[in-house]
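The values are calculated or read from the model by the stated rules, or taken from the named source; none is laboratory data. This structure is a prediction, so every number in the text was calculated from the model and none was measured. Please note: Cβ atoms are built from the backbone with ideal geometry, for glycine as well, and neighbour counts cover all protein chains shown. Heavy atoms of the whole protein, side chains included, go into the accessibility calculation; ligands, DNA and RNA do not. Shrake-Rupley method; radii C 1.70, N 1.55, O 1.52, S 1.80 Å.
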Amino acid sequence: MKYSFKIGSVWNIPIELHFTFLLLILAVFLLSLPSLQFYTFFIVLFLFVFVVFHELAHSILARHYGIKVRKIVLYPIGGVSEIEEIPDNPSQEWRIAIAGPLISLVIGFILLGVSLLLSPNLLSRILLFSPTTGEFLFDLALLNILLGVFNLIPAFPMDGGRAFRAILADRMKFSDATRYAVNLGKIFGFVMIVSGFFVNFFLIIVGLFVYLGASEEGEQTIISTKLVDVRVKDVMQSEVGRVGPKQTILEALEVMFKNRYHDILVEDEGVLAGIVSWSELMKIAPDQRGDLLIEQMPLLKISINEDESILEANKIIHKEKIGLIPVVKKGDPYKTVGVITGEAITKAFEQAKNR
Ligand SMILES: [Zn+2]
């Protein structure tokens with residue numbers, strides 16, 4: 001998802017703010033202006049610093065297990081660690097899921113201890129568990145504890161739900177475990193939305209997030225697990241349109257239109273050289289396309305083995321922002337046996353969804 005921008009990075013993990021988060025901060029600030037009471041504003045600001053700690057705990061443990069962490073994005077309802085892939089090791093997944101809430105609880109109890117040392121009379125307020133005493137540390141403590149406890153609810157895609165799925169996945173197929181966790185997540189989401197009308201408006205928003213998040217991520221995971229066994233050679237086109245380095249851009253465009261490619265595959269005397277992307281070709285003005293040769297264009301050296309999973313092909317296509325990848329034979333990285341296109345992958349995804 002776009003509409004977020006980087007504010008910094010910790011241990012090489014980029015931290016981004018989503019624009020809706022800025023709207024929240026702005027709204028709280030504007031609401032504070034008339035009375036010049038900035039208490040809530042600072043509470044929200046500090047709470048999100050602790051949300052970053054929470055997310056860092058997930059990210060750092062994930063990285064410890066060798067899993068790539070793309071970034072942390074802050075949304076108004078909390079943070080999200082974008083982790084490259086789902087750990088196929090359930091015992092790692094539940095540990096990564098639990099690390100965040102655990103840190104929130106630890107921070108919460110430390111802050112609680114300090115605030116009680118400073119003003120022991122707050123002890124009686126703990127039973128009310130209402131973080132609106134006007135005591136900064138105490139309120140932050142309760143909010144962190146709330147953040148920890150709340151995230152432990154086994155409602156997928158919240159942390160507790162992920163841990164729940166991992167525990168199930170130890171005993172059954174990953175896609176079945178996801179299905180159970182998703183259904184439980186939907187039930188929790190629904191209960192949150194309904195009870196939000198009686199308890200707190202914020203609960204409705206979180207409930208919606210849980211309900212929609214569970215549906216969406218559940219579907220994604222189930223599709224992925226269905227597709228993991230589909231090989232590149234199962235969906236590739238084996239008729240390949242190619243050009244040589246001495247051909248013109250105009251000729252390349254003709255081959256592309258005929259084959260409905262988005263990029264052009266370049267071969268030099270039967271040896272795969274790479275691809276020239278559509279966006280590079282389009283940079284050349286139409287009246288120059290008859291003169292300029294393919295070898296004068298920037299070449300992207302890219303290919304995929306025919307036995308790879310199409311999930312891997314999908315990853316490359318999105319990362320490189322291209323429309324096709326040359327498919328090569330195992331053991332011969334310069335022998336093209338076909339091409340896999342973005343459309344073919346999308347079609348396979350659609351089929352998996354309807355299966
Ligand atoms: Zn978390």
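Expressed as a fraction of 2.2 N^0.38 Å, the C-alpha radius of gyration for the chain is 1.27. Considering only Ser81, Ser115, Ser238, the mean-square fluctuation computed in a Gaussian network model of the chain, springs between alpha carbons under 10 angstrom, is largest for Ser238.
Does anyone have the angle between helix 90-118 and the longest principal axis of the chain? Alpha-carbon axes, 0 to 90°, nearest 10? Once rounded, the angle reads 30 degrees. Name the residue, out of Met192, Met158, Met256, whose mean-square fluctuation peaks in a Gaussian network model built on the chain with Cα pairs under 10 Å. For the chain, modelled as a Gaussian network with Cα springs under 10 Å, the answer is Met256. In the chain, taking the dipole from charged Cβ atoms about the Cα centre, the farthest positive-side position among Ser215, Leu140, Leu250 is held by Leu140. In segment 47-82, which trypsin sites (Lys or Arg not before Pro) are in a loop and have at most 14 other Cβ atoms within 10 Å, using DSSP for the loop call? Sparse-neighbourhood loop trypsin sites (Lys or Arg not before Pro): Lys68. Counting protein heavy atoms only, segment 232-354 has 50 percent of its accessible area on carbon and sulfur, 1.4 angstrom probe. Seen against the Cα atoms of the chain and their longest principal axis, helix 342-354 is set at about 50 degrees. A DSSP coil position with no more than 12 other Cβ atoms inside 10 Å describes the following chymotrypsin sites (Phe, Trp or Tyr not before Pro) in segment 189-250: Phe197, Phe198.
When you count the other C-beta atoms within 10 angstrom of each residue and take the mean per peptide, 264-270, 170-176 line up highest first as 264-270, 170-176.
Rounded to the nearest 20, the Cβ-based charge dipole of the chain about its Cα centre (Lys and Arg +1, Asp and Glu -1) stands at 640 debye. Sorting 339-350, 276-287, 93-104 by their mean Cβ neighbour count within 10 Å, with the most densely packed peptide first, gives 93-104, 339-350, 276-287.
Of the trypsin sites (Lys or Arg not before Pro) found in segment 225-282, the ones in coil according to DSSP and having at most 16 other Cβ atoms within 10 Å of their Cβ are Lys246, Arg260. Would you compute, from DSSP H runs of 4+ residues alone, the mean residue ellipticity of the chain at 222 nm, taking -39500 (n - 2.57) per run and dividing by the full residue count, rounded to the nearest 500? After summing the helix terms and dividing by residue count, I get -18000 deg cm²/dmol. What whole-number value in Å² describes the accessible area per residue of segment 191-270 for a 1.4 Å probe? With the other protein chains kept in place, segment 191-270 gives 59 Å² per residue. Could you work out how far helix 201-227 tilts from the main Cα principal axis of the chain, as a 0 to 90 degree angle to the nearest 10? That helix lies at roughly 30 degrees to the long axis.
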